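In what follows, a structure is listed as structure tokens, so that the remarks can point back to it.
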Amino acid sequence: QVQFVESGGGLVQPGGSLRLSCAASGIIFRLYVMGWYRQAPGKQRELVASITSGSSTNYVDSVKGRFTISRDNAKNTAYLQMNSLKPEDTAVYSCHGAQGVTTYWGQGTQVTVSS
């Protein structure tokens, strides 16, 4: 059974940091492209960051220089380090894994940036 389990979300003040984790099981993790998506209320879901099996990374412009995506293949886990958080980063963050046409999603974790 394939599972993607996110953790690390929560409430943080503007300027603060959070680290999201996505623990995968039931797949050959190292072969998958991993991504973090977010969806804010009333907005479309957007791809925030992705990392290939070779650890090449890509970011949406709004988070460049603030967020870092990484992966630990030994732990079957992907991470999203989020620094200098802004209120507009508030959203449900979901991890996504893809190998060819095979894709999986986590359940999502809420990130709220507010004073």
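Tabulated results
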quantity	calculated
Residues that are exposed (fewer than 12 other Cβ atoms within 10 Å of the Cβ) and without any contact (Cβ under 8 Å) to a residue 24 or more places away in the chain, drawn from segment 75-115	100, 101, 102
Some residue of segment 64-74 being open to solvent by 40 Å² or more (accessible area, probe 1.4 Å), under 16 Å from residue 37 (Cβ atoms) and charged (D, E, K, R)	no
Looking only at segment 34-51, and only at residues there that are among the small types (Gly, Ala, Ser) and within 16 Å of residue 24 (Cα to Cα), the one that is surrounded by the fewest Cβ atoms within 10 Å (Cβ to Cβ)	50
Out of 49, 74, 98, sole residue that is in contact with a strand residue (DSSP E or B) (Cβ under 6 Å, 6 or more places away or on another chain) and either closer than 16 Å to residue 21 by Cα or of a type in the set (S, T, N, Q) (or both)	49
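The values are calculated or read from the model by the stated rules, or taken from the named source; none is laboratory data. Just so it is clear, the model here is predicted, and its values are computed rather than measured. Please note: Cβ atoms are built from the backbone with ideal geometry, for glycine as well, and neighbour counts cover all protein chains shown. Accessible surface is based on the protein model in full, side chains and every heavy atom, while ligands, DNA and RNA are left aside. Shrake-Rupley method; radii C 1.70, N 1.55, O 1.52, S 1.80 Å.
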